[in-house]
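*Asks:* Quick one: the structure is below, questions incoming.
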Amino acid sequence: MRSHLVLLVIFAFFVSLIFAVIAKDDGREQLRFGGMMFGGFLASALVLGWLMYPFPL
Amino acid sequence: MRATAAEETQSGTLVLLCLASWAIPGAGHLWLGRRSKGLIFLIALPVMFALGLALQGRLFPFDLNEPLVGLAAIADLGIGVPYFIATTLGYGGGEVRAVTYEYGNAYLIVAGLLNLLVVIDAFDVAMGRK
């Protein structure tokens, strides 16, 4: 498994899952909170990735 | 003012609860009857830790001369018993040339830190704050 995107998605899934379960008690709230967090992780990673694109190391 | 016997018993139980919660991810929540939360922690955190090892991440040594390495070691230790199992079995050496090395480190460190958050959550539940 070498795809950075897949590794990023799995990482975001686990972190969102744990935070959602810690922060919320109700199942629907956990799903909503975790989903928003997961989407936020992915969106911010993609946006930052494209913003850094013109500046290779 | 001296603590009463009941208070001492309660604080002793709290210490045991936090230790159990640290050693086995989710054990604190299972102890407190939060079965679904405990099971999610019990499965998700060791899986994340194992993925970190599979991605050639490194379990950092306690090197106080390198502050960041020392902090990473403390974070790695946060996962509890799985850390000792991995080190006993010889995992966590880290392969710095592997493409996934940094991802592995991130998985290992964050799994440990998340487990420490779970310990704090179990403490809050036991104190009746949640």
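The values are calculated or read from the model by the stated rules, or taken from the named source; none is laboratory data. What you are looking at is a predicted structure, and each value in this text was computed from that prediction instead of being measured. For neighbour counting, all protein chains shown are included, and Cβ atoms are generated from backbone atoms with ideal geometry for every residue, glycine included.
Yes/no per residue for (1) among the hydrophobic types (A, V, I, L, M, F, W, C); (2) within 18 Å of A:F13 (Cβ to Cβ):
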residue: B:G28; (1), (2): no, no
residue: B:I43; (1), (2): yes, yes
residue: B:L59; (1), (2): yes, no
residue: B:T88; (1), (2): no, no
residue: B:R97; (1), (2): no, no
residue: B:Y103; (1), (2): no, yes
residue: B:A106; (1), (2): yes, yes
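*Asks:* Filter chain A for residues that are of a type in the set (F, W, Y), more than 9 Å from chain B (Cβ to nearest Cβ), without any contact (Cβ under 8 Å) to a residue 12 or more places away in the chain and in a helix (DSSP H, G or I) and give the result.
*Replies:* Within chain A, A:W50 is the sole residue that qualifies.
*Asks:* Same structure again: Return the total of residues in region B:4-59 being closer than 11 Å to B:A122 by Cβ and either among the small types (G, A, S) or at the interface with chain A (Cβ under 10 Å from one of its Cβ atoms) (or both).
*Replies:* 11
*Asks:* So, one more: Would you mention how many residues in region A:11-24 are over 8 Å from the mean Cα position of the chain (by Cα) and under 16 Å from B:L55 (Cα atoms)? Steps first, answer last, please.
*Replies:* First, the residues of region A:11-24 that are over 8 Å from the mean Cα position of the chain (by Cα): A:14, A:17-24.
Imposing the further condition that a residue be under 16 Å from B:L55 (Cα atoms) reduces the set to A:14.
Counting residues in region A:11-24 that are over 8 Å from the mean Cα position of the chain (by Cα) and under 16 Å from B:L55 (Cα atoms) gives 1.
*Asks:* Given the residues B:I85, B:I120, B:I79, B:I74, which is the only one that is modelled with pLDDT of 95 or more, under 10 Å from the mean Cα position of the chain (by Cα) and surrounded by fewer than 16 Cβ atoms within 10 Å (Cβ to Cβ)? So that I can check it myself, show each step before the final result.
*Replies:* Working: B:I85 fails: under 10 Å from the mean Cα position of the chain (by Cα); B:I120 fails: under 10 Å from the mean Cα position of the chain (by Cα); B:I79 fails: surrounded by fewer than 16 Cβ atoms within 10 Å (Cβ to Cβ).
Result of the check over B:I85, B:I120, B:I79, B:I74: B:I74.
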